[in-house]
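Report on one structure; see the data block that follows.
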Amino acid sequence: MSNKGTIFEETAEVVEQLRFEADQFVTIVKAEKSSQTAKPGQFAFVECGGNTILRRPLSYLRSSKEDGTVEFMYKTVGPGLEALSQIEIGDEIKVMGPIGNGFIHPSNKNSAILIGGGVGIPPVLFMGEELKKANDDIELVAFFGSEVPFPFQTCTSDLGIPGTDQSLNATIDDMEKLRIPCRLSSQAGYAGCHLGLVTEPASSFIETLSDSEKMETVIYACGPEKMLEAVALLAKEKQLDCVLSLEEHMACAIGGCAGCTVKILEDDHEKMKRVCVDGPVFKAEQIYF
Ligand SMILES: Cc1cc2nc3c(=O)[nH]c(=O)nc-3n(C[C@H](O)[C@H](O)[C@H](O)COP(=O)(O)OP(=O)(O)OC[C@H]3O[C@@H](n4cnc5c(N)ncnc54)[C@H](O)[C@@H]3O)c2cc1C
Ligand code: FES
């Protein structure tokens, strides 16, 4: 296991619990050890409380070395995240992490497209922030989709994205502050958002790229399986490098139970890989949908 010795088990104090519309939450915890090394696309195995015995995997939305904190964003879909949403500031929960390979940016690429859907937005948003902090000159664009109100402060963007309808200029504060052009999509008809799928404005933008710009670009995506499938197809059609973060139900999250295996194409052979420790990030062309 490549990340042996780098996964920490910590008792983490809740320092903030933010509630958004449609049962969406951001929980910020003090996790001194994992906050020092957590990277975009990695995740923590989080004790949720209530009657849930198994922990739940949650991607990092952010980590702060200075504050010693990590952030998670989630929507309550079952008993685990429902119990987690009930915790209060000062409560303690056990978190194990950082786990998995995460997104790794190739040094020969100076441009990236971030695509996130629903509770798949956290790892790609985190990736955008880290790429920008590491290299202010990197060319980034982000496309986020949600069928419930976005669990972020939204605003109007003055940053254009070629190929997209400039009148649809809703974005989220976090991206605008970093000057990362970002467009939002929803089929729910939110003001300023593209009415449709997140891949539609992404595709229109890619249409504007030259062949040499495409060679410089990589897509990072996380979201529901149907969205990932559409992103993989888009990347294949437009001949762009693309990596996707997968989700599977997990019992151990450290590679021991094989409960999270998926079929992956590697060296022209089908292999069973564990999403927890071999992933959760895989190249789009390796994945069977
Ligand atoms: C690497 C990784 C990162 C993740 N990051 C996030 C994140 O940042 N935010 C977030 O909100 N979620 C994230 N998830 C998903 C989250 O961990 C799961 O949705 C988790 O199961 C929720 O727990 P729960 O008890 O609330 O719901 P559960 O009871 O586990 O149910 C969740 C949903 O899955 C369905 N389900 C339950 N069991 C199965 C099964 N065996 N097979 C198929 N479907 C089933 C249920 O019907 C329900 O719709 C991530 C998952 C992975 C693997
Ligand atoms: S959850 Fe046990 S091997 Fe991945």
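The values are calculated or read from the model by the stated rules, or taken from the named source; none is laboratory data. This structure is a prediction, so every number in the text was calculated from the model and none was measured. Neighbour counts run over all protein chains shown; Cβ positions are idealised from the backbone, glycine included.
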Failed item, numbered, when residue 268 is tested on (1) closer than 24 Å to residue 77 by Cβ; (2) out of contact with any strand residue (DSSP E or B) (no Cβ under 7 Å at 6 or more places or on another chain): (1)
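Each row is one residue, and each column tells you yes or no for (1) hydrophobic (A, V, I, L, M, F, W, C); (2) away from ligand 1 (no atom under 16 Å from the Cβ).
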position: 219; (1), (2): yes, yes
position: 225; (1), (2): no, no
position: 247; (1), (2): no, no
position: 260; (1), (2): yes, no
Only unsatisfied item for residue 83, checking (1) buried (at least 16 other Cβ atoms within 10 Å of the Cβ); (2) touching a strand residue (DSSP E or B) at 6+ places or on another chain (Cβ under 9 Å); (3) among the hydrophobic types (A, V, I, L, M, F, W, C), is (2)
Among the residues of segment 149-162, is there at least one that is assigned by TED's automatic domain parsing to the domain that holds residue 177, more than 27 Å from residue 5 (Cα to Cα) and charged (D, E, K, R)? yes
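Filter the helices (runs of 4 or more DSSP H) completely within segment 154-244 down to those with at least 1 residues that are under 22 Å from residue 109 (Cβ atoms) and β-branched (Val, Ile, Thr). Explain how you work it out, then say what you get.
Details: elements: 173-177, 199-207, 211-215, 225-238.
Those helices (runs of 4 or more DSSP H) span 199-207, 225-238.
Just name the residue that is farthest from ligand 2 (Cβ to nearest atom) out of those in segment 52-94 that are basic (Lys, Arg) and outside any loop (DSSP other than H, G, I, E, B). If you could, list the steps in order and put the result at the bottom.
Here is the first cut: in segment 52-94, the residues basic (Lys, Arg) are 55-56, 62, 65, 75, 94.
Add one more test, that the residue is outside any loop (DSSP other than H, G, I, E, B), and what stays is 56, 62, 75, 94.
Details: 56: 11, 62: 24, 75: 21, 94: 17 Å.
Result: 62.
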Quick test of your reading of the structure: residue 214 fulfils all but one of (1) in contact with a Leu (Cβ under 7 Å, 6 or more places away or on another chain); (2) within 16 Å of ligand 2 (Cβ to nearest atom). Name the failing condition by number. (2)
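Quick one: count up the residues across segment 95-131 that are assigned to a strand (DSSP E or B) and among the β-branched types (Val, Ile, Thr). Lay out the reasoning, then the answer.
Here is the first cut: in segment 95-131, the ones assigned to a strand (DSSP E or B) are 95-99, 111-117.
Next, from what is left, pick out any that are among the β-branched types (Val, Ile, Thr): 95, 99, 113, 115.
Residues meeting the conditions: 4.
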Inspect segment 74-87 for any residue being at pLDDT 95 or above and more than 16 Å from ligand 1 (Cβ to nearest atom) and give the result as yes or no. no
Output the number of the condition that residue 156 fails; it satisfies all remaining conditions of (1) crowded, with 16+ Cβ neighbours inside 10 Å; (2) β-branched (Val, Ile, Thr); (3) within 16 Å of residue 182 (Cβ to Cβ). (1)
Sole exception among (1) β-branched (Val, Ile, Thr); (2) closer than 15 Å to residue 126 by Cβ; (3) crowded, with 24+ Cβ neighbours inside 10 Å for residue 37, by number: (3)
Which of (1) among the aliphatic types (A, V, I, L, M); (2) within 14 Å of residue 245 (Cβ to Cβ); (3) assigned by TED's automatic domain parsing to the domain that holds residue 204 does residue 104 not meet, given it meets every other one? (3)
Quick check, is residue 129 of a type in the set (D, E, K, R), out of contact with any strand residue (DSSP E or B) (no Cβ under 6 Å at 6 or more places or on another chain) and in contact (Cβ under 8 Å) with a residue 12 or more places away in the chain? yes
Consider only pairs whose beta carbons are under 6 Å apart and that are at least six residues apart or on different chains; among these, list those whose first residue lies in segment 221-250 and is modelled with pLDDT of 95 or more and whose second residue is within 12 Å of ligand 1 (Cβ to nearest atom) and in a loop (DSSP other than H, G, I, E, B). 245/41; 245/280; 246/275; 246/279; 246/280; 250/260; 250/276
Restricting attention to segment 245-279, report how many residues are near ligand 2 (Cβ under 10 Å from one of its atoms), under 24 Å from residue 124 (Cβ atoms) and part of a loop (DSSP other than H, G, I, E, B). 10
Checklist (1) touching a residue at least 40 places away in the same chain (Cβ under 8 Å); (2) buried (at least 21 other Cβ atoms within 10 Å of the Cβ) applied to residue 274, failing item: (1)
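Here is a yes/no grid of residues against (1) assigned by TED's automatic domain parsing to the domain that holds residue 161; (2) under 30 Å from residue 218 (Cα atoms); (3) in contact (Cβ under 8 Å) with a residue 40 or more places away in the chain:
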site	(1), (2), (3)
13	no, no, yes
19	no, no, yes
26	no, yes, yes
76	no, no, yes
79	no, no, no
83	no, no, no
91	no, no, yes
95	no, no, yes
